[in-house]
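J.: Quick one: this structure, given as structure tokens, is what I'll be asking you about.
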């Protein structure tokens, strides 16, 4: 793995030059970006794919230059000119030598491409899981993500927190991918290629980002009406941030007497059938765990920012942001919505 | 015969009233078993649905032109992209290729009709009514969101999204049933094409003297028999799941989502070649005639086509690199997919060699065929990129894939179809299509195509997945999406120019004569349009270019062909 990484970085310098010449790519910045470009890798699997992709681009680019050049030459050189349309050009029916040449060369190219590709497939897919790895179970739902940290006893949704991995203390995140309903696909382009979440067919993938920050992605397998709003946010934390986040997530909901009315509404309405708030009677598992809702930046799997106004609109009718979301509009009165909002605001 | 029902203007015979004449004319088209009329029916049907599915695409592009747009809701968008894909493959691509096969294969092999004329009519009407069944869902389908629900599970319809639990109502059933119906129509057409090419050839036309177009139709038809079968089986299994308590794909009862994927792509990937091989056939007719040279390396072209067909049935799981196959399986499908590039590359080189040393006339058919060569080259190279499994883990289901397969299906298949229509329209109607409108059509479509689909590669690289009805404003995709949509509009205008050309030239076009392009295959020896019986006397051929032999008696092909 170490070797592969150094390979790809030297290759990526080569390709930076190449890419600028064809003007195809935005600036290759290290670290997280708002644009989830596959050409801004920030984790080993994404790096290795990037290096390979540049190699393939160079080969295919050369093929294109040669063949398109030939074709252009032929079009210009051999277009009919003048009035001698009466005379047909000499008829040539074929040539075995020429055919042989343009069969053998592509065969050689395929051999090279295949061997290079296979090396990276094995390097990424069969990389052994180190003992220090953080294990996360990712469960795809229509239309949100459930993240479970079995060893840390944490359940959260839509926003994955993992620690930055360093060269000295590598701590890759190993994701175990499951689905609760239909097919989904976990794709955060800067961190790794995508892997599908398929019911009855568990999959695995891994990430080891170096630069802390927020990495964006989204579901990449059509999964129903709100597939477009099944966004992923991966927070890569510094070790200290991650420790603090874990500590907070492991706490149970704090009893806040000011929000007692809201809690009462929450627990007597249908909310508890689908949502969990640890330490209360709410044990539903159909929707996202709300124990630490306020620690998340977005609601509705990224459909809206987690602000009081948005949360109120969401509780009133999730269709405001996400028509087709499986959470129904509960026909609550304005007062009930206010009380629930007050209660949810205490779930830090 | 049923065909001679058009009242002859100025005839002394008593003509029936206008209404009766119209009715008789219509009746003639409905009951016809003539391969030429059925061919035209297929093509007209396909062009109609090309306009419909094109309109769906434009509506999607309006929705995606800006982020968080409300032009189409998620329900409608999902219906439109499902229907756009399904329509373009099954109601445009397949019918138009079998339309051309119907019209041209008998003429090119010197036969008077297809081998099974009644099966031919049956196949067409199955296809036609299958398409109507699919589109009836917009009116009568009952889905998750009430009446008037078209299928909305995407055209690859992965299980278990199609299970009753996730797709209640009937819209998925419209999808499955109409594909079963159309599938049988397609199988009939494929069998008919094979039988015609194998047993109806005129005297002297050995297999290796068949025009390449006929060869490619033979390969396509064979591949159709292989691919439509698993698709039909899968649709029947899906219907059993939905109505008879089967559990093939029903994951909640232990079924397998991946089994559907295998069934679908063992159909779906060769299907791409079913569509592109006829395009190769068209290019192999148009390029020699407009370069004024015999096709370079005919036997190699035949071998490469058969080779592509064989390799293409071993590559299906390259659509499934992200589903978690083993590294060995992934490597196998990388290799098999890359191998398709070898015979395909050979074909491109042979076309270039055909043009080399020729006197190329850039009439509209040749313009489209030349653009096809460029675009197919790029489509092939992006195909190589996608075959690199690790890179595919990034590119799969992104707009890069959309760009790639539109390069093959629009940039290659549709461009060749346009070339074919400009090339053979004079034969079918007796009139030339307007060259002036044709040039407008070509350049507008070319420019619009590149604006749209070149840009899609980049937005895919920037991480935009397919099948989303809207996107976030901060992802850096806004400008690119606006450009893509603008290009779509230009293509729409080009297609309208084309439609106008078809109608206008039918009424006012220049009279074509038998052989307007100075071409070499048998269909050009008949009047335009050909009589019902095609050939007054059975033709006899001695080479691959019978009309060349007649035009150049001192220098005939049969002296030189290997």
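J.: Just to check, using Stokes-Einstein with a Kirkwood Rh over alpha carbon pairs, what's the diffusion coefficient of the range B:31-559 at 37 °C and 0.692 mPa s in µm²/s?
T.: It comes out at roughly 139 µm²/s.
J.: Under 1.5 on a/c is rounded, so check that first for the range A:161-280, then, if it is not, pick prolate when a/b is larger than b/c and oblate when it is not; a ≥ b ≥ c are the square roots of the alpha carbon gyration tensor eigenvalues.
T.: Since a/c reaches 1.5 but b/c is at least a/b, the shape of the range A:161-280 is classed as oblate.
J.: Averaged over B:428-437, how many beta carbons belonging to a partner chain fall within 10 Å of each residue's beta carbon?
T.: That works out to 0 on average.
J.: Right, next: Sorted from fewest to most neighbouring beta carbons within 10 Å, what does the list B:408, B:526 look like?
T.: Least to most surrounded, the residues fall as B:526, B:408.
J.: Calculate how steeply helix B:399-408 sits against the longest principal axis of the alpha-carbon atoms of chain B, using the helix alpha-carbon long axis, and give the answer as 0 to 90 degrees to the nearest 10.
T.: Compared with the principal axis, the helix lies near 10 degrees.
J.: Semi-axes of the equivalent ellipsoid of the protein assembly as shown: what are they in whole Å, largest first, if each equals the square root of 5 times a C-alpha gyration tensor eigenvalue?
T.: Equivalent ellipsoid semi-axes, largest first: 54, 32, 22 Å.
J.: Within 10 Å of each Cβ in peptide B:164-171, how many partner chain Cβ atoms are there on average? Round it to a whole number, please.
T.: For this peptide, the per-residue mean of nearby foreign Cβ atoms is 1.
J.: Here is a follow-up. How much of the calculated P(r) for chain A lies past 29 Å, in percent of all Cα pairs?
T.: Of the Cα pairs, 52 percent sit more than 29 Å apart.
J.: Then there's this: So for chain B, averaging the separation of alpha carbon pairs under 8 Å that are six or more residues apart and normalising by length, what relative contact order in percent results?
T.: Here the relative contact order equals 16 percent.
J.: Take residue B:233 and residue B:361, extend 7 Å from each Cα along the Cα→Cβ direction, and tell me the distance between the two endpoints in nm.
T.: So the label points at residue B:233 and residue B:361 sit 5.0 nm apart.
J.: For chain B, find the longest principal axis of its Cα atoms and tell me its angle to the long axis of helix B:435-461, 0 to 90°, nearest 10.
T.: 20
J.: Over the alpha-carbon set of the range B:121-276, work out the extent along each principal axis and list the three values in angstrom, largest first.
T.: Each principal axis gives a Cα extent; for the range B:121-276 these are 60, 33, 25 Å.
J.: Take every residue in peptide A:67-79, count the Cβ atoms of other chains within 10 Å of its Cβ, and give the average of those counts.
T.: Other-chain Cβ atoms within 10 Å of each residue's Cβ, averaged: 6.
J.: Quick one: order A:144, B:156 by neighbouring beta-carbon count within 10 Å, fewest to most.
T.: Fewest to most other Cβ atoms nearby, the residues stand as B:156, A:144.
J.: Round to the nearest 10 and give me the degree value, 0 to 90, for the angle of helix B:478-508's Cα axis relative to the longest principal axis of chain B.
T.: Relative to chain B, helix B:478-508 is tipped by roughly 30 degrees.
J.: Report the Stokes-Einstein translational diffusion coefficient (µm² s⁻¹, integer) for the range B:408-545, Rh taken as the Kirkwood radius over Cα pairs, at 37 °C with viscosity 0.692 mPa s.
T.: For the chosen part, D equals 184 µm²/s.
J.: Let me ask you something else. May I ask you to order B:470-483, B:340-353 by the average number of other C-beta atoms within 10 Å around their residues, highest value first?
T.: In decreasing order of mean packing, B:470-483, B:340-353 become B:340-353, B:470-483.
Each reported figure results from applying straightforward, stated rules to the coordinates on display, with no laboratory input. What you see is a predicted model, and the numbers here were worked out from it, not measured in a lab. A quick note on method: Cβ atoms are made from the backbone with ideal geometry, for glycine too, and the neighbour counts reach across all protein chains shown.
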